[in-house]
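Some notes on the structure that comes next.
The values are calculated or read from the model by the stated rules, or taken from the named source; none is laboratory data. Keep in mind the model is a prediction, meaning the values are calculated, not measured. So basically every Cβ, Gly included, is an ideal-geometry build from the backbone, and we count neighbours across all protein chains shown. Accessible surface areas use protein heavy atoms only, side chains included; no ligands, DNA or RNA. Shrake-Rupley method; radii C 1.70, N 1.55, O 1.52, S 1.80 Å.
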Amino acid sequence: MITKHSLLRAVTPLAVFALVVSACSTPAGSTAPSTAASQAAPTAAGSEGAPSASAAGGVDMAALEAAAKAEGNLTTIALPHSWCNYGELLTGFNAKYGITINELNPDGGSGDEIEAIKANKDNPGPAAPDVIDVGLSFGPTAKTDGLIQAYKVAGWDSIPESAKDADGFWYGDYYGVLSFEVNTKVVKNVPADWPDLLKPEYKNQVALAGDPTVSNQAISGVWASGFSTGGSLDNAQPGLDFFKQLNTAGNFVPVIAKTGTVASGDTPIRIAWTYNALADKDSLAGNPPIEVVVPTSGRFGGMYVQAISAYAPHPNAAKLWMEYLYSDEGQNLWLKGYCNPIRYDDMVKRGVVPAELAAKLPDTTGTVLPTLDQITKASDLITKNWASTVGATVK
């Protein structure tokens, strides 16, 4: 029997990421830290015998846990608790290891995470992130710029080759598909596709879930919107043109849409990843009622990646965090938050994926996933031309 989840797997298997990362090797002349150096044994203040990570992903978990606990802290950035069930992941990590988590800028975008590393290279204080979770395009560039370090988790071999940097600098964590999150108390006729958003009845109702000059989610939303008017994975300009129309019509709300703004009716139609929209539907529990719609055209998927800062103040805690995220426990907690975890295929083979979690994912038949080169070009086009083309500042 084909479930919604098996339909998704049939259309967008993890093997598709072979197209995505075909050009992810570090260019000649890169300033990225060497793999040999970054795979050396991590250290903690006053600790000895800290663990090493082998090229095959072999990890001494007892030593790593001891070194991480000696550091005592972990600084994360841009992890909303409702995003991919991060709230439960954060509390679970703290409960399991007793490590205090300092959460920076929960509503920030991928660009903000990269800038935070750059701004705190020489500052080991609480403003310096240890780890990042960013859109795919940010991983290879962060490696090239020497902002992240290599580390291979214990389950490294079960992460598809096509969804990770061969040297371990970044690795896919999960992916989702763009959708419309609709407050049906305010919006009586739920839009089914991108062109519907231009209808006069949606005046002052449509918003993005981020600033399209820095947020991967927002950039993807702009890009995908143009598919219904001639856009494609190789042509993002129609997306900018679509949002220009949306803004001119008065339908676009230049506010970073969140759960609260959707619930209040300030942004009753939010363009967001399926996992964010479905998490809101659960948390709001019918007050107000939320409908999540995967548009009939321009079905667009996006993968995010994890990495550890090359300047991480707590490198062992950062590595232990990665081990937690990529364990079966962590992967299933992402799945609980409606995200497609990157180790899903391996976990299915071993029978450790709860059927009730897999069955809750929506049907996203026909979804396309961009390559790294396409993401780079589209992101550059949208971030540089948003202001001049659309003429709206999203805050």
Between residues in segment 176-189 that are closer than 30 Å to ILE342 by Cα and residues that are in a strand (DSSP E or B) and open to solvent by less than 10 Å² (accessible area, probe 1.4 Å), which pairs lie under 6 Å by C-beta distance while being six or more apart or on different chains? GLY176/TRP273; VAL177/GLY301; LEU178/PHE300; PHE180/ILE269; GLU181/ALA272; VAL182/ILE269
Residue that is in a helix (DSSP H, G or I), touching a strand residue (DSSP E or B) at 6+ places or on another chain (Cβ under 8 Å) and not charged (D, E, K, R), where the choices are ILE375, ILE382: ILE375
Looking at the structure I just gave you, is SER297 open to solvent by 20 Å² or more (accessible area, probe 1.4 Å) and in contact with a Ser or Thr (Cβ under 6 Å, 6 or more places away or on another chain)? yes
Out of THR389, THR365, which single residue is open to solvent by 20 Å² or more (accessible area, probe 1.4 Å), over 23 Å from ILE77 (Cβ atoms) and not in a helix (DSSP H, G or I)? THR365
Would you mind listing the helices (runs of 4 or more DSSP H) fully within segment 79-145 where at least 2 residues are within 20 Å of the chain's Cα centre (by Cα) and more than 25 Å from ILE375 (Cα to Cα)? 86-97
Being among the basic types (Lys, Arg) and either over 16 Å from VAL190 (Cα atoms) or not in a helix (DSSP H, G or I) (or both) is the filter here, so list the residues in segment 255-292 that pass it. LYS258, ARG270
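One line per residue, one yes/no per condition, for (1) surrounded by 20 or more Cβ atoms within 10 Å (Cβ to Cβ); (2) without any contact (Cβ under 8 Å) to a residue 60 or more places away in the chain; (3) not hydroxyl-bearing (Ser, Thr, Tyr):
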{"residue": "ASP345", "(1), (2), (3)": "no, no, yes"}
{"residue": "GLY351", "(1), (2), (3)": "no, yes, yes"}
{"residue": "ALA359", "(1), (2), (3)": "no, no, yes"}
{"residue": "GLN374", "(1), (2), (3)": "yes, no, yes"}
{"residue": "ASN385", "(1), (2), (3)": "no, no, yes"}
Right, VAL177: within 23 Å of the chain's Cα centre (by Cα), within 30 Å of ILE159 (Cβ to Cβ) and either surrounded by 24 or more Cβ atoms within 10 Å (Cβ to Cβ) or hydrophobic (A, V, I, L, M, F, W, C) (or both) or not? yes
One residue is enough: does segment 297-308 have a residue meeting the conditions under 22 Å from THR91 (Cβ atoms) and either assigned to a helix (DSSP H, G or I) or of a type in the set (Gly, Ala, Ser) (or both)? no
Can you tell me which of (1) within 20 Å of the chain's Cα centre (by Cα); (2) of a type in the set (Phe, Trp, Tyr); (3) within 19 Å of ASN189 (Cα to Cα) is the one PHE252 doesn't meet? (1)
Yes or no: GLY210 touching a Gly at 6+ places or on another chain (Cβ under 6 Å), modelled with pLDDT under 95, surrounded by 24 or more Cβ atoms within 10 Å (Cβ to Cβ) and not in a strand (DSSP E or B)? yes
Inspect segment 298-314 for any residue being at pLDDT below 95 and over 16 Å from the mean Cα position of the chain (by Cα) and give the result as yes or no. yes
Restricting attention to segment 80-111, which residues are at pLDDT 95 or above, within 21 Å of ALA142 (Cβ to Cβ) and open to solvent by 10 Å² or more (accessible area, probe 1.4 Å)? ASN102, GLU103, LEU104, ASN105
